[in-house]
Amino acid sequence: MDEKPTGERFCLYTTADLDAVLDRMAAEAAALLAGADKPMLLGILRRGAPLAEMLERRLLADFGLDIPRHGLKGRRYGDG
């Protein structure tokens, strides 16, 4: 079996597609967060944290919003 390395197993978006999604997310978030009292970005550690980091950079670069980012470590719930 031809196994791909971790991180290359499944690609939901191309780089261009992901850029467009992040641009739209940043624009929508900026509209909601502008003028908010103590907003923050929260990324679930693993896959959510890199997304929050990319969004944080776009909010600062494109909208001048310097919003702190934090990571949240969680565990999966297992029954038994």
Restricting to the stretch 25-39, and then to whatever is assigned to a helix (DSSP H, G or I) and of a type outside the set (D, E), can you tell me which residue is surrounded by the most Cβ atoms within 10 Å (Cβ to Cβ)? A26
Just one of L42, L59, L18, L22 is part of a strand (DSSP E or B), aliphatic (A, V, I, L, M), at pLDDT 85 or above and surrounded by 10 or more Cβ atoms within 10 Å (Cβ to Cβ); which is it? L42
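The values are calculated or read from the model by the stated rules, or taken from the named source; none is laboratory data. Fair warning: this is a prediction, and the values are worked out from it, not measured in the lab. Here the Cβ is made from the backbone with ideal geometry for all residues, glycine too, and neighbour counts use every protein chain on show.
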